[in-house]
1. Work out the FRET efficiency for residue 11 and residue 109 from their Cβ-Cβ distance, taking R0 = 25 Å, and round it to the nearest 0.05.
2. In the Gaussian network model of the chain, springs joining C-alpha atoms below 10 Å, which of 298, 15, 23 carries the largest mean-square fluctuation?
3. Taking neighbour Cβ counts within 10 Å as the exposure measure, how do 306, 8 sort from fewest upward?
4. Pick from 345, 199, 72: which is most flexible by mean-square fluctuation in a GNM of the chain where alpha carbon atoms under 10 Å apart are linked?
5. Using a Förster distance of 30 Å, how high is the FRET efficiency between residue 180 and residue 291, based on the Cβ-Cβ distance and rounded to 0.05?
6. Helix 269-282 sits at what angle to the longest principal axis of the chain, using alpha carbons and giving 0 to 90 degrees rounded to 10?
7. By how many degrees, between 0 and 90 and to the nearest 10, does the Cα long axis of helix 4-18 differ from the longest principal axis of the chain?
8. How many percent of DSSP beta bridges within the chain run antiparallel, rounded to 5?
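Just so it is clear, none of the values below were taken in a lab; they were calculated from the coordinates. Model, not experiment: these values are computed from the prediction. We place every Cβ from the backbone using ideal geometry, glycine too, and count neighbours over all the protein chains shown.
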């Protein structure tokens with residue numbers, strides 16, 4: 001069973017059996033891609049103990065064959081995907097108790113299940129596929145590593161083009177062009193470029209603000225390669241760094257270093273978070289680090305597992321997580337340093353290879 005998709009489907013079927021389900025209706029596109037390889041925007045997938053059926057529409061009739069192959073039985077539905085679903089479920093026969101993904105079904109589609117009458121019993125499920133996705137296989141890690149390399153290449157090419165007077169939006173435009181030129185299929189999320197006091201906004205929208213001399217400049221962005229995301233943040237000074245700049249930056253850099261080196265498969269997300277948080281607390285900046293340490297990345301830029309004060313789940317071997325401590329001071333600015341780290345059997349390995357020392361842009 002060399003194709004990882006077959007292993008994933010087999011693992012899901014085991015989960016369905018344990019949950020006393022005859023099958024599962026998948027509506028989450030990332031989960032459908034994880035199991036079948038299909039990257040289109042319109043699909044329903046049924047995984048049962050006896051068959052795997054993917055239903056899509058005319059727009060994808062060539063693409064779906066190329067991407068899915070014989071992993072699933074492909075149905076091109078000429079009208080509504082839901083019409084095709086009812087037909088396929090009836091043809092399969094023997095399916096009585098079916099699960100659906102509570103996280104990925106809008107209320108309108110939930111009503112379709114309710115209105116299907118007594119033909120099937122529908123039961124809500126939570127994270128059956130997402131739990132499998134936490135542990136990346138070698139092919140997934142390789143794709144995330146390539147996405148990390150694309151992101152760091154783009155950053156390396158962007159920094160020499162930044163100067164006083166540029167707007168945050170202009171910097172974001174340069175960065176996103178460099179991402180594309182380096183091979184990114186798109187952007188893992190809208191790029192965050194925040195300068196001066198706006199660097200105190202952890203999830204700022206890039207704005208028309210012009211960069212002033214000696215400003216902080218925080219850049220948080222990600223690439224996509226073969227559907228898999230990277231996520232990196234670097235904070236620089238456009239001009240000359242003050243002693244205060246350096247003092248705050250050094251605390252964040254040390255917190256990043258401690259967490260990146262200390263995180264391990266088998267520890268809880270809470271204990272991982274504490275690797276950076278405890279150091280920032282002792283340095284006197286605890287209240288200014290208000291978000292969690294990190295999250296998993298993969299087909300989505302935010303996925304399980306979580307590295308947070310409230311995360312009691314264990315971090316699995318093979319997970320790829322972000323390590324992103326920060327300090328944010330309203331009216332002054334902020335610093336975040338973020339890296340992508342894979343939790344291997346022999347310890348953590350950083351995928352985002354880019355300097356962590358404070359960079360001053362002349």
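1. 0.45
2. 15
3. Listed from fewest to most nearby Cβ atoms, that is 8, 306.
4. In the Gaussian network model the winner is 345.
5. 0.55
6. With both axes taken from Cα atoms, the answer is about 10 degrees.
7. Taking the Cα atoms of the chain, the angle to 4-18 is about 70 degrees.
8. Within the chain, antiparallel bridges account for around 75 percent of the total.
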